[in-house]
Every structure is written in structure tokens, then in C-alpha cells.
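This report refers to the structure that appears directly beneath it.
Every read-out reported here was derived from the displayed coordinates using simple, explicitly stated rules and does not represent laboratory data. Just so it is clear, the model here is predicted, and its values are computed rather than measured. Here the Cβ positions follow ideal geometry from the backbone for every residue, glycine too, while neighbour counts run over all protein chains shown.
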Number of protein chains: 4
Amino acid sequence: MNFKSDNEAPAHPAVLDAVIEANQDFATAYAADRCSQHLNARFSEIFETDCHVLPIATGTAANSIVLAELSPPWGAVMCHRTAHIHCDEGGAPEFYTHGAKLVPLDGDNARLDPATLARAIDSAGVHGVHNCKPSVVSITQATECGTAYRPQQVRAVADVAHARGLPLHMDGARFANAVAWLGCTPAEITWRSGVDVLSFGATKNGALTAEAVVVFGRPEWLEGLERRRKRGGHLLSKMRYVSAQLLALLENDLWLDIARTANERAVELAAGIEASHAARLEWPVEANEVFMRAEPTILQSLKDRGFEFHIWPGYNDLARLVCTFATKPEDVRNLLGALSELG
Amino acid sequence: MNFKSDNEAPAHPAVLDAVIEANQDFATAYAADRCSQHLNARFSEIFETDCHVLPIATGTAANSIVLAELSPPWGAVMCHRTAHIHCDEGGAPEFYTHGAKLVPLDGDNARLDPATLARAIDSAGVHGVHNCKPSVVSITQATECGTAYRPQQVRAVADVAHARGLPLHMDGARFANAVAWLGCTPAEITWRSGVDVLSFGATKNGALTAEAVVVFGRPEWLEGLERRRKRGGHLLSKMRYVSAQLLALLENDLWLDIARTANERAVELAAGIEASHAARLEWPVEANEVFMRAEPTILQSLKDRGFEFHIWPGYNDLARLVCTFATKPEDVRNLLGALSELG
Amino acid sequence: MNFKSDNEAPAHPAVLDAVIEANQDFATAYAADRCSQHLNARFSEIFETDCHVLPIATGTAANSIVLAELSPPWGAVMCHRTAHIHCDEGGAPEFYTHGAKLVPLDGDNARLDPATLARAIDSAGVHGVHNCKPSVVSITQATECGTAYRPQQVRAVADVAHARGLPLHMDGARFANAVAWLGCTPAEITWRSGVDVLSFGATKNGALTAEAVVVFGRPEWLEGLERRRKRGGHLLSKMRYVSAQLLALLENDLWLDIARTANERAVELAAGIEASHAARLEWPVEANEVFMRAEPTILQSLKDRGFEFHIWPGYNDLARLVCTFATKPEDVRNLLGALSELG
Amino acid sequence: MNFKSDNEAPAHPAVLDAVIEANQDFATAYAADRCSQHLNARFSEIFETDCHVLPIATGTAANSIVLAELSPPWGAVMCHRTAHIHCDEGGAPEFYTHGAKLVPLDGDNARLDPATLARAIDSAGVHGVHNCKPSVVSITQATECGTAYRPQQVRAVADVAHARGLPLHMDGARFANAVAWLGCTPAEITWRSGVDVLSFGATKNGALTAEAVVVFGRPEWLEGLERRRKRGGHLLSKMRYVSAQLLALLENDLWLDIARTANERAVELAAGIEASHAARLEWPVEANEVFMRAEPTILQSLKDRGFEFHIWPGYNDLARLVCTFATKPEDVRNLLGALSELG
């Protein structure tokens, strides 16, 4: 029973159907096909504003290309200490930005704290060219710890950033899970709260491999984004298959249904853990990830019984359990059952 | 009737079936799945030697990551004047190599001339650190002009490169078409002729999107290749779907069947053009691309009749006609028919 | 007797005196000292317009930092085939630009031909993001072959560039020699002819080590230039010594006197060569460099007699003879005497 | 009275004399002159082992070029939280390394703590290519807080680094001050304690502008170092003037005399502060920098009386007072007198 990552779940059947459908005939290469050309309009409906959309195969590339467009090489990217861009992308943001510095900041529950952010920006750069220049703020939604920013929390970060001339990027690798959990509209949690550009994740949410850079009303960024995508080798000649996946997920809110199902499993799992004697929750569960503290021996016993999950780096008693639309309710029940036997 | 690019043809049904098959269950992320783990063994069989294989989504990324591993930032990449890496990848090789210089060289029929190459390497770098240092030779198979290097031609280039300490890279975006046309083994035209690393193309040959870096016996390159793939955002979390495509194409020589079909259409087309009064072949047809010289008015008339193809950059009377496994014999007959009406 | 390079001549005594003078007391670091702060005003007088000036230690750095500011990483720098930035800077422009492509163009006497330039820009980039994007034009004054652009020649290049939205950079490693030879004002040959930014060379013209980036009325480039200078490690903490050299050279037109003396030696040398039977001039002598064609045995005999000079790369019968303010008239006479003995 | 920086002091007269001496005649360009060619031998004597030396104009360039050679672009540079390379070089290390990540670590008195370092290295990179890979350790001698590593402290850091396959770099911007204060030999505090490569600072210690990369027995690094120096625009054509400065400073231990004089002023200043009621020392004084805590109003009063110094970034009550060989004993007495009046 796999709780390792939403990356390990299969794609949703509707996504595969869309790929098959896109394969019926010849189509124009390099994102000039009908599916790709329809993305702007489709995302603009979903987000209730004019969007420019660049489909792309991976979240690391989406994030890195955005950061490179928003930060000069001498810039500093302000992000949470746990941010994926800082911890897990193998230096891709530094590569694409040509050497910008990622500045890790503290904040409870993996959310950037507006006051901490303000202090960090204001104190950086006092020594002029000798310092890196704060150039962009990046937040993760849902966060690396499975929590979600409320719209007013995003707004507070955006206000700090914008007041200092910095744009706000949202890494939405688990954006669908956050939206589904918050029960808000995509617009409310993004541009209406001050987000300037979004990495819209789909790979963890039922796609084979599909992400999108979604730009809210900043056409001056498009040339750079498109050039950087090409230069990164990310302008797929057969982009139609990526775009088809995105369109399939947006159809009839499938993306939110998939996320909601994953979140429900996570809530069930969290409730069981809270009720157990053997473990406790490390952070509030506000998406599809559950972080569970338990004795290392208990974690090992769970692994021995065939439950797959990651021990969080730097800990030996903290397990990350990820739920997906393909996680079965009985998988959750089985894990909780095992836990109660062990506790 | 689309003769624009093999990028515009649909994927082969067997490739889609393999993706569906790979989607049956959870699988380990980041190329640690069973399909990806099987690539080394499968390619080693096909190439009759120990291969290390990195699946990757695009040819531009495959080429660029290889060149970055083989050339220091101050290096010079020796290639033909028409090379895709020099003309068509938007500066991706410069990006991944951190600024290496691509040195365009002459050579008939888009093939690098060994004597020209030797002179270029020998005359470069005489001024020490003031010059860029020749660091790698890259050839394209089949070439940008639809010709193919014979094994002894590859060997001649390899000998020049190796005698000067430079490795030889082959950009095999249309490798299958070349192998099919030459009737040789994959081994003969690569490592047995001195190729050190191959960008194995599949996207143009029936895949949705799938390429592979194939390294022949240079394990010291692997760490850098893997690091650069990650840093480029090209380590797909769900790499299994790429690897599944590659395995499907290698099954029962499907990749060569697909290429052979495309080549056959090209041969039919070439024969018709040679027999026509309205046009002539620009270069020998040794793969699936046909370059046809004809009056601009004739080319325009063909376009008006619904035949889609590219006019070659820098010309107004040179058309590139690309055949694929999905090109129907009647498409070729129709085009030749139209040509004879116009001629 | 050293005709190898103006880099090998000593600095002018007045330059040393200025350094000694600048050393009398403490001074503010990082170009905030009085000498450095005076550069804008001083260069503005000399160039008869508002200039922004960045002192810098080397010409390679000056050129590379300028090109990086004017070209995006995916840009193409249009330059003559012989340009120092393309041939002799070890890839520094590629490093600073993060991988822009230098496009070498033909043109008689090492001068960029406006029609060739126009064609090159117009034909590049027709394939959109797949091509590098022409972003800046760079010319060398005096050229690598010792010729000089007349104002109207600069203007013709500038018009081609500006009509296509590209700025014009002048690499003025031997700017003083060109101005002295042309007998024009610094303004006429730069901004009045369309030059947007100049690498003002002094190291080859009597300084210890001193160059300057001179920007004509484009304040939006300054932040990037300053950031790139710092990031390149070129913001000297004791910049006052560089600035003092520049001010000393500009005092009472010393920079032009030094150049004029060097040019006079070159003219004497050229006249003697033209009159000789043993050698001939390869290019017109319009600055302080003399390119002399002669039998390899004659060149070797001159070397055997103690005359030092470079054989031009790629040739065995072409010598470059560089004159400086420190070259003595008898050195020139001696060389011509030896030549007539050998001829 | 200037206590702002050793960068603001004049150069030592002997250094100027050496430059004048080096200017007597023509000399070979690009570090092939006699002064530059003598550096290896001279430094080898001083350091009692075979050294390879690259003269260079700035410390930022020296550090960055070394780090670029020692770290792949995907590497992590382990350094103290206060390190100049991390805080004050405007992203130059990131530029030269093509995007390596600087990892700031804690440690008392600005010295890297071996246990902290070990933990940081061991915990980084557990997630393979998803993490940056610890690649080099860099320490500063004297530190940014004016303290010095003892030989055994360097050794402890070196042992941690070497046991994990990482080389050790020492940023010696104030190396002379540390050696003079420690009373050890240059060898003892560098290669005998495990340092693999040193940025030898002279600009802050009496030079006009001169630094040197000193490599202890790793010839395989030389090509990369030289290529990177050229690509950075740091191979001065007239390098002889930089090398002459270095040789002048090494003559008869002038470099240590200069440092010793500066240190003596710092000791006098520190003693006076310790004895005062108005201020106290923040860190032990083990070189030429004195960090003084005092009420902001007292610091302001000192500034009002004409004493120049920096308030430490992030503080309002911490002053950095830097002494140099040109700081007069009465300057120190005056400052202490003012302090006692204010206290």
C-alpha cells in the first residue's frame, strides 16, 4: 500500500482517454496545436481573468523558468525554509536563473510569515551591489507540510512583496488539493489575493506528466518565459499530449474531484491518527499529505507490514503519508488498523 | 496532407498501449520504476554492448545535457553548419554548457568532413586560454539534409576526434531512419564506429514524447548527466511513461519497422520527383526527408492544393517534405500527381 | 625590439604619477572615491554629452559586461568574423551573457558590412524561439586589422542596427588610436554616429591597467552594468587607482598624444614596408597596427635578429607589428633596415 | 580618522616602488612576464612547499574562481553564515560556479564548527540528485568578525571535509593579519593544517590591488583555474604590475610587518575599549578588526566627531573599527579619548 507520493499513483483514466483522442491525427508541433492553443481560453474561464498559459512537462521546470523570468541573476528569491525550490529541485532554480540566491525564511506550518518576510527583504540589499537583491517571493500551495494558505494569508504575503516591488509566485504542485480543501475559487486564492504567476500542478493530481505556467496579466513576461522554456529543452514538439491532459483535467472540474478524493483519504487518515495512542499529527492536514510522528520502531513495523511511505529527511520519527485519488479507503483503514495494533 | 514534420504525426498505437499498460498501478517515481530500470538491459541487447541509458522527454534536452557533460564552459563544440544543435535549439546547448561555443563547419550533404574537422580543431586553441578549446564533436544521424553517414564515414570523423582527445556525440533524432536505410546494426553505426554517446530519438519515430541518452562505456559521465538532467527539470517524476514508450518501440524491432515505412514513402516520393519535370532533388534521400527544388510558384501551388510542408530557411525554392509511418502511399501519389500537373 | 603588442609597452609616466598622487591618503572604497566620482563629468566633457562611466580593469570584462547587459541569454551578438570578443576572449562574452551566441560576419578590412549585417539580422530568428534572437551589434574601433571606421561607416552600421531595434556597442580597445588617426572628435565617432555604449580602452594606450564602460544616455542600463561588474569580481575596492589613470590620460589630451605617437611610428613603418621589395602591407594602416606579408623565411630572419612580433593565426607569412608611444623611431628604422637587407 | 576599512588605506610605498620598477621596459603580456613567472618560486619558499600561484586583481574574483573550480554547478559550498562569499560578493560565487548553492552554517566567533559542518554535509544530499551536493568547504582567515582560526581549528575543519571527499578553501582576504597574530608560519596555518587552496589577500594589506590564488599540490585544478580567470576577464594583459606588488610585499616579510602594525593598532584599540565604560568588545580581537558594542547615541557622537566606521548590518549598536598599517597611534588614542568622554 503506497503512501509514498502522489507521483507514484497512476494517471486518471480520463487523462489517458484525452491523450488517445489527441492522437487521432497529425497536429501542429511546438504548442501550435489546437489543444495547446485552447489553454489560454480554458484557464481564463477557470481563473475568471485573462491568463497566459505555458504547458510544460515538470514542476521543477515550471518553477525554475518562472523564477528565471522574475529574478535577475543577481537576485534573491525569498521563500520558506522548506520550499521545494530550495530543498528538492537539485539546483534547477539556480541553473535557470543563472545563479540567483534562494533565501530560506522561517514561518509556522511551512507558511511564509509576512513580518519575517518584510524584515528579510528590508534588511537585504542595504549594502547595494555587494548583496543579492530581493527580486521575487515564492510560496507553495499546498505547502511542503501539507498545510494551505488561506486567501487572506496569501494577500498578506503579496502585500509585503508588492509594497517592495517584488512579484509573487505560487508553486502550485498541489494547487488542486489546496483549492479543494479551502473550498474557494481558483481566482480567490491566486490573482485576487495578489499572486502574479502560478505553477499549476497536474502531474501529482491525475496527469501522466503535465504542468502549466499560468501568468495573470503580465504580458511583458511572456517572451522571456517562452525563450527560457525552449532553451531549457521544455518546448515539446508534441506538446499536444501535455495540453490534452490539462484540458481533460479541467473538464467538469475533474481536477478538483481528483483532489477532493485524495484530501478525503487524508482526512480519514488524520482522524485515525489523532484518535490513536501510537502516533500524532505533526501539522494540520489541509490537503492530501499527512505528517505523522511516531516511535521509529512503530514506523518500521508499519513498513514491515507493507506500508510504503517516506521518513522525513532529518527525522527518524516523522512519516509523510500521501494520499491520492487512487488510494483506497481500505488502504487507509488497514494502516490505521496496523497502527492501533502497534500503539 | 501533412509533409511538415515527423513531429506532427500521431504516435504509434503500440506506444499508447504501453503507456496504458504502465498506468495499471502505482510505480516508483523518478526513473526508479521497473520500465526505467529495464532500459539499460534492453538497450544493451539492442546495441550489443553495455549501455547506460537516461530516458528524457526531448531531443533538445538530450543533446544539450550530453554536450554539457562533454564540454567545459570554455569548450568549443565542433559541428556541421546545419546542425540542429547550432541552428534550431534556441541556444539550449549554450545554456546547458554554461556558454560553450558552437563552431559551425562545412561539409557536403550536411556531413562533417574529416579533413575540415581536423583543420578546425588543430587551428583552434593555438592562442591558449584566449581561445575556446575544442572539446567535443557532434554529428547528426540522419543529417539535417536527409542524408546518412555510412559506418566508415562515422569512423573517419571519430578517428579525427579521438586522435585529438575529443569524444564523439551523435544526435540521433532520426537515428532509426538512418539505421533502417543503411541496413546496418545499431552497434555498427555507433560505438563500433567510434560514437561515444548517442541521443536516441523516438519522438519523431512513433512515440508521444520519448528520447534517450545512450552512453557507451563511459561510466564517469553518468553522475554529471544525471545531475544535469535533474537541474534541467528533466527528471520526470512519472518517468515510467517515457520509458514504457521506449521499451514498446524496441519490442520486436517496431522502431525499425516504423522508420522503414517512413523511409519507403520518402523513396517513393523521391523517385517521383526525380522523374518529374517540375522539380528535382536537392540532396540524396537516405532517410525519411526529401528536399525538393522547384519554382516558388510551383511550391505555392502545391500549398494551395492542401499539401503542407516547410520552405527551407534562406530559400524560396526549396521544400522539405518529411515522410512518416503515418504518411499514406496515396498522400505521396497525390503530391506527385499534383507536381506532374504543375510541371 | 618589441612589436608584439601595445600590451607589452610600459605605462606612461604621467599615469604612474597620478597613481602616486591618488595614494596620498585614505579614500572611499568601491568607486565612491573622488577620482571615480569625477569620471562622469570628465568623460561628459570629452564626449560632449552626458556620459555614465564605469571604470574597470580589463577590456575583456568591459566588453563582456556590456554585451551581457544588452543581450538576453538567448540573444545573438552580431560581430565581425575577426572580432576580439569572438576570437580572443576565451569565451568571456558567452560567460557573462549566460550563453548568448556570437555570430561572426564577413566584411572587408575587418569592418562590418552594413548590407551583410542587415541580411544576417533579417534572416536570423525567422524560426522564432528555435533560433537565437539578434540582440546587439558590436564593432571594433580600431579594428583587429588596424583599420578604422569613418563616422559615416559607423553610422551606416548603426542605422541597420537601430532600424531593427538593436543597440550598437563599440569595442574601443584602440579607440584612442582610431580617433587620433581619423582626426575627428570622440563624439563624432561614437554617439553622434549612433554608438550606444563604448568600451573605452586605456591599457593599450599608456595605462597600467584601466578601461571604462562609457554609456551614452541609457540610464536604464546602469543597474545591470553595475551588478554585473560586481558579480564578475570587477568592482575593485581600491578603484581610485584605476580612475586616477583614466583622469591622467584625459588631462590635456594626453591619451590622444600617446595614440598619435604610436600611429606615427606605424605610418613610418608602413611607408617603409610599401617601399620595400621584401614585404607588402596586408591592410591599410589606420591606427597603430601594421600587418605585413612576407616570405616565412624573411619573417624568421627578422625574428632571429631580435625583432619581436606575432605571426597572425592561420598564416605563416603574415606578421602583425604593433607600434606604441614607447616604440622608438630607431626601432622602426632598424626593422626597415633589416627588411631591406633581406629583400 | 578612517576606521572604515583596510580597503580605504593607501598602498605601502614599497608597493608603488615595485610598480615603478616593473614599468622600466616592455614586458611580456598575460602573466608571462618575469615578475609573474617568479611567483610560483617565491610563494613556494614562503609556504615551504610547491605552490601554483595565479595573480588576480580582486578577492571576490579569487574566491569565485576557486569555488567554481572546486564545485560543480550542482554543488553546495559549505561556509559560515557570515562568510564574505555568502554575504558580500553580490552573487559572484554563484555566477562563477554557474549556480552552486552557498550553505550558511553556524559557529561561534565566525568560525565554522566542525561538528555542525559534519552534520550539515552528512544530512545534505540524502535525497540524491534532488539535493545540491556538498562539494567544497570554505573558511575565512581572519574571519569576518576579526577572529582567527588556530592551526588545530583549521585541521579539525579540514578533517571533516576531507573525510567526506571535500577540499578545503581558505579565503585569506586578511590572511596576513591572521598569520601575524597567530605567530605561526604560513605553512602551518594552510596546507599543513589541510588547506587545499588559498585566496591570498594583499589589497587590504598594503597593495594597490593584488590578490593571488595559491594552490597546494593539486595540478589538476590549474587548467580550470586559468580558463576561468580568462573567462572572467581577470587575466590582465599587464599582469606584471599585480605580480610586482605581490613580490614587493613578500620581500623581507613586508606583508607581515604591515599586518603586524595594523594588528598592534587593533590591540591598542581593543584594550582601550575593554577599559572603557562606554563600550565593550563583541568578539575577541585576533587580527586588525575591532567590533565594539555601544549605545547608538555614543556611536553617533563618535561619527559626529569625525571618526569614520561602519555600523554592522542588522545592528544599530555594533561598530566595526578596522585598523591598518596607516592608522596612526594618535588616531586610536583620539578615538579612545572621545569614547571616555562619552562614557
| field | Using distinct alpha-carbon pairs, which all enter the 1/r mean, Kirkwood radius of the protein assembly as shown in Å | value | 33.5 Å
| task | Would you work out the charge dipole size for the protein assembly as shown about its Cα centre, treating the Cβ of every Lys and Arg as +1 and the Cβ of every Asp and Glu as -1, and quote it to the nearest 20 debye? | result | 0 debye
| task | Can you tell me the FRET efficiency between residue D:14 and residue D:310 if r is taken as the Cβ-Cβ distance and R0 is 22 Å, rounded to the nearest 0.05? | result | 0.20
| field | Helix-only mean residue ellipticity at 222 nm for chain A, each DSSP H run of n ≥ 4 adding -39500 (n - 2.57), per residue, nearest 500 | value | -12500 deg cm²/dmol
| said: Taking 26 Å as the cut-off for C-alpha to C-alpha distance, list the pairs among A:238/B:238; B:4/B:230; A:4/D:101; A:4/A:101; B:238/B:328; A:204/A:328 that go past it. | reply: B:4/B:230; A:4/D:101; A:4/A:101; B:238/B:328
| query | In nm, one decimal, shortest first: how far is the label point of residue B:17 (7 Å from Cα along Cα to beta carbon) from the matching points in the other copies? | reply | 2.2, 9.0, 9.1
| query | Semi-axes, largest first, in whole Å: what does sqrt of 5 times each Cα gyration tensor eigenvalue give for chain A? | reply | 32, 27, 17
| Cβ-Cβ FRET estimate between residue A:341 and residue B:218, R0 fixed at 45 Å, reported to 0.05 | 0.30
| field | D from A by rotation - nearest chain A beta carbon to the axis, in Å | value | A:99, 2
| note | For residue B:122, inter-copy label-point distances (7 Å, Cα→Cβ), nm, shortest first, read 4.0, 5.7, 6.8
| Assuming R0 = 41 Å, what is the FRET efficiency of residue B:280 and residue C:108, from their Cβ-Cβ distance, to the nearest 0.05? | 0.70
| query | How high is the relative contact order of chain B, given as a whole-number percent (alpha carbon pairs under 8 Å, six or more residues apart)? | reply | 23 percent
| request: Within 10 Å of each residue's Cβ, count the other Cβ atoms and sort D:164, C:260 from fewest upward. | output: D:164, C:260
| query | Along Cα→Cβ at 7 Å, what distances in nm separate the residue D:300 label point from those on the other copies, shortest first? | reply | 6.2, 7.9, 8.0
| message | Can you classify segment D:211-260 as rounded, prolate or oblate using the Cα gyration tensor, where a ≥ b ≥ c are the square roots of its eigenvalues, rounded means a/c under 1.5, and otherwise it's prolate if a/b beats b/c and oblate if not? | response | oblate
| task | Please work out the C-alpha center-to-center distance from segment D:148-174 to segment C:55-133 and express it in whole Å. | result | 42 Å
